[in-house]
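The values are calculated or read from the model by the stated rules, or taken from the named source; none is laboratory data. Just so it is clear, the model here is predicted, and its values are computed rather than measured. When we count neighbours, we look across all protein chains shown, and the Cβ atoms used for this are built from the backbone with ideal geometry, even at glycine. Side chains included, ligands, DNA and RNA excluded: accessible areas come from the protein's heavy atoms. Shrake-Rupley method; radii C 1.70, N 1.55, O 1.52, S 1.80 Å.
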Amino acid sequence: MAFLAFGLASCAAPESDLSAIPQMPSSIAVGRDGTPMPSQAGRDARAPSGYLAFCDRNPEECRAHPGEPNKVSFSSALWDKLEKVNLVVNTTVHPEDDQEHYGVNEFWTVPVDGEGDCEDYVLAKRKMLVLLGVPEAALRITVVLDRGIVRHAVLTVVTDQGDYVLDSLKNEILTTDKADYVWVERQDPASRTGWVALR
C-alpha cells in the first residue's frame, strides 16, 4: 500500500441512502476483516502528498499545538457539534473530482466554493470543529479503503469513549468498528512524522 502515501487521487462516491442515527461508543479495536482499528496505530508513516502541499499553502492549518489534548471528552454537546458539522458540510459541499475542478490529480483544500472531493470535506469539517472549540489534535485525517479498493478520506474524532468517523459518504456518524473500511493511515500527534500506518 505504499502508493497511498503519495495521495488519494480519487475518492469513493457518495451513497444515495443517508441517515443520521447516532451509534453508541464501542471498545472493539479490530475491524470486521481483522485489520487494526485507528486506536491500534503502527509505525510512523509519510503524510499524503496532497496534505503536505496543503500545509505548504496553509501553514496555519497544520501547526502543532503543544499541550493541546489529543483526545476530547465525549458529551452530548460534543455529539451535537459533530452531527451539525457533518450534516452541514455533507449537504453544502458538492462532490467534484480534483482533475475536473482544478485540472490536477490531487489538490487538498477547504472547499470555499462549495465543491470538493473527500479530503476537502474532511478539511472543512476539521476547520469548523476547531472553530467550535474541539482540539485539533483530537481531529485526525484518516485514509481508508472503501469496498477494499477505493481510496477515501474521513475525519476521525478521538474521544475518551472511542473514535468516531465523520464521512462525506453518509450523514450517520459511526464508531470506527462500525465503519466498514480497511484502515490505512491517519494523523497522530505522537508520531515523529505526524502520521501512522494502521495496517
Take the conditions under 22 Å from H94 (Cα atoms) and free of Cβ contacts under 8 Å to residues at least 60 places away in the same chain and apply them to G133. Does it pass? no
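Going by the conditions given, is I149 without any contact (Cβ under 8 Å) to a residue 24 or more places away in the chain and among the aliphatic types (A, V, I, L, M)?
yes
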Within region 44-92, residues acidic (D, E), open to solvent by 40 Å² or more (accessible area, probe 1.4 Å) and in contact (Cβ under 8 Å) with a residue 24 or more places away in the chain come out as D44, E68, E83
In region 94-139, how many residues are open to solvent by 10 Å² or more (accessible area, probe 1.4 Å), outside any helix (DSSP H, G or I) and within 25 Å of W79 (Cβ to Cβ)? 5
